[in-house]
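Let me begin by presenting the structure, written as C-alpha cells, before commenting on it.
Bear in mind that the values in this text are calculations on the coordinates, not laboratory data. Since the model is a prediction, treat every value here as computed from it, not as a measurement. When we count neighbours, we look across all protein chains shown, and the Cβ atoms used for this are built from the backbone with ideal geometry, even at glycine.
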Amino acid sequence: MERNQLTRRILVASGKVPADTVVKNGKIVDVFNGEIIEGDIAIVDGYFAGVGKYDGKYIVDAKGSYVVPAFIDGHVHIESSLVTPSEFAKVLLPHGVTTVIADPHEIANVLGTAGIQYMLDSSENLPFDIYIMLPSCVPATSFENSGASLSAIDLFPFYHHPRVLGLAEVMNFPAVLQAQDDMLNKLSDAKRFGKKVDGHAAGLRGNDLNVYMAAGIRTDHESTAAEEAKERLRSGMYLMIREGTVAKDLMKLIPIINHHNARRCLFVTDDKHLDDLVLEGSIDHNVRLAIQGGISPITAIQMATINAAECFGLEDKGAIAAGYKADFSFVDDLDSVRISHVYKDGVAVVQDGKLIVDCSNKHKHGLEKSVHFDEIQASHFTISLPSKKSNIIEVIPNSLITHHIVEEVDICSQGFFQPSISADQLKLAVIERHHLTKQIGLGIVKGLGLKYGAIATTIAHDSHNLIVAGTNDEDMVLAANTIKEMQGGLVVIKNGQILASLNLPIAGLMSDSSFQEVYAKLNNLHIALEQLGANDQFNPFLTLSFLALPVIPELKLTDKGLFKVSKFEHIDISCV
C-alpha cells in the first residue's frame, strides 16, 4: 500500500476528510458478531475506512437493503464453466461473487505450465479477483496418459506471483503416504513461501487423515457424508462444503454445522457448468440451500465470506469493516438472498441485477490444436469377453462416486460385448488425445440411460483425454472423429447425424466465445440429449467427464483400461 493511500484511509476513518463514497441507510451484516448493525459505510481508494457517521463526496442510498460482504468461492475449476476467466467473471458478478480461489488443474493437465500462465494472464485487470492454487498432481496418477507432467521445479517460479496462494488439491494420497520425493518437494516449497495447501481426501478416514494433516494439508472438499465431514473438522481441517453440477453434497453435510464449528466451514462449487451458473448461481446458490437446510442466514453468509477469506489468508476480504476491501452487495431479502447491486473495490459493477462494467481481457492464448489421435474405426471399440459376467461402472446420479457392480451382459456369436438398452449397459471408451500413443481404454457403463446414439467430450477429468459413450459403434466412431475435427468440445450423435455440438478450442476445455453463445449451444446439447433418451436427473456430459477420474471411488476408466480406485490398479472387464 502506498503511504498516501494509508494516510487518506486514516484521515477518512477519523472523519477529518470526506470519504470517496458513503453508503447510507443499509442494514449491515456483521460477520464477526453475527448481527445486523446500522451506520454509514465510508469507502476510500477501494477500501472500507469505517462504519459509523461519515460524510462523502458521493452518497449511495441502500434504501433499507442488507449490505453483505461479497461472496468467495473457496475452490473452483474455471475450466468446468467452459468459458474463459473474463467470461466467467461476467457470469458470477451478478450473483454477488467477486473472488474465487481457482485451481487450473484441468488446463495444466493438457498444457502444463503454459496452461497455468494462460489462466494468470487471462485473469489480469478484471473487476473480479481470481486467485490461483498451483496444480499439485499433474498427472493425477500414473495410471493414465496426461498431456503434461508438472514437478516441484516446474511449479516453483509461480510462487512469486501475487495471486498464487498455494498448492491445490493434493489428490495423490499414495505419494504423500509414501513420502515420495517430488510430492515432499511440492509440499515443502508451499510451506517455504508461507502458502496454503488444499486437500482432496476422497474416501480417506482415520490415520489417513492424520497423514494429510501431518503433511500440512488443511482443507478438504470431498466429504459426501456427515460423519466424514465431522471427522475432517475433528482433525483440524477446514471443511469445504461443495455444491456443483454433479457433486451435490451440501444438504447432506449441513446437519453437522453448529455454532461451535461453523467458522471452520466454507462453500465451494468445484465443478459447475455454465448453464447451472446462469440459472442457479454460484456461491449465492450454496447460501440459499444452506438457509433452506436450517442454517441461519448470517451464519451462511459467514461461511461464504469471512470463513473463506480466513482459510486462505486473505486478510482484507470477507467483511464490512475498516481496512477491508470494499467488495459488497445489496441484498433485498436474507432468506432468498436476492442480490440487486454489487460493488467491487467500492465501485458499482452490477446495478439492478445487470452487469455495468467491462470484463474483457484481450490476452491472446494460442492454445488451439491440442487434440491428437489417429482416425477412429469401429474395430477400436471391440470388447472381447470370455464370459457374460463383467465388471461394470455404475453411475450414481449427482455424484462423482461410482459403484463397482458385476452383471451379466449380452455377447454376440463372435464373443464381443453388445450394448443393451433394456439393461442400460452401454459401451464406454477413453481415447488418449495428447501424444498419439494409440492407447484406448474400453469399459461398460450403467446408468447414463441413453436409448440411442452416442456422446463424446474432451472434458474427461483429470487428464482430459477423449471420452465416448454410446449404444452402437458407428455413432461412437462418428462422435470421436467429429471431436477431432472440432479440436475439442462436446458432441451428440444419433443415427449417423450430428444433432448438436460445442467447440472448445482452448485446450479442448474452454470456448473463446461469449458466455451467451456458449449458453445457447449448451441448451442445444440438452435438447439433443433428450432425443437420445438420456437420464434427465443429472447432467450426462458432466457425469461422463468424471467417469475417467481415477482418484474418486470406486470404478473408473482411463485410456489404459478399467481402474479400481480402492486398490489403485487396473482390472479386467471380464470377471473370469
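Tabulated data
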| quantity | calculated |
| --- | --- |
| Cα pair distances of the chain binned at 10 Å [whole percent] | 4, 18, 27, 25, 16, 7, 3, 1, 0 |
| Within the chain: Cβ-based charge dipole about Cα centre, in debye rounded to nearest 20 (Lys, Arg +1; Asp, Glu -1) | 920 |
| Span from the the range 38-102 Cα centroid across to the the range 460-528 one, whole angstrom | 35 |
| Of S370, I383, S151, farthest towards positive along the dipole that unit charges on Lys, Arg, Asp, Glu beta carbons give the chain | S151 |
| DSSP bridge orientation in the chain - percent antiparallel, rounded to nearest 5 | 70 |
| Pair-distance profile P(r), taking every C-alpha pair of the range 474-576, with 5 angstrom steps and integer % | 2, 11, 16, 20, 18, 16, 10, 4, 1, 0, 0 |
| ³J(HN,Hα) computed for each position of the range 62-72 - Karplus, 6.51 cos²θ - 1.76 cosθ + 1.60, integer Hz, glycine/proline x | 6, 6, x, 5, 6, 9, 10, x, 4, 7, 10 |
| Sequence of V445, V357 once ranked by neighbouring C-beta atoms within 10 Å, starting from the fewest | V357, V445 |
| Per-residue ³J(HN,Hα) for the range 563-572, Karplus 6.51 cos²θ - 1.76 cosθ + 1.60, θ = phi - 60°, Hz, x for Gly and Pro | 10, 8, 5, 5, 9, 6, 8, 7, 10, 6 |
| Ordering of 327-339, 280-292, 200-212 by packing [mean C-beta count within 10 Å, highest first] | 280-292, 327-339, 200-212 |
| Selection from C265, S235, I10, by position along the positive dipole direction of the chain (Cβ) | I10 |
| Mean Cβ count within 10 Å, highest first, over the residues of peptides 112-121, 519-528 | 112-121, 519-528 |
| The range 79-184 pair-distance distribution - Cα-Cα, 5 Å bins, rounded % | 2, 12, 22, 23, 18, 11, 7, 4, 1, 0 |
| Helix-only [θ]222 nm of the chain, DSSP H runs n ≥ 4, -39500 (n - 2.57) each, per residue, nearest 500 | -7000 deg cm²/dmol |
| Compactness of the range 378-570 - radius of gyration and Dmax, Cα, Å | 15.5, 50 |
| Ranked packing of 558-565, 29-36, 251-258, most packed first, by mean Cβ within 10 Å | 558-565, 251-258, 29-36 |
| For C412, C265, C137, C359, order by how many other beta-carbon atoms lie within 10 Å, fewest first | C412, C359, C137, C265 |
| R9, R192, R163 arranged by Cβ crowding within 10 Å, fewest neighbours leading | R192, R163, R9 |
| ³J(HN,Hα) computed for each position of the range 538-547 - Karplus, 6.51 cos²θ - 1.76 cosθ + 1.60, integer Hz, glycine/proline x | 7, 7, x, 5, 5, 4, 4, 5, 8, 6 |
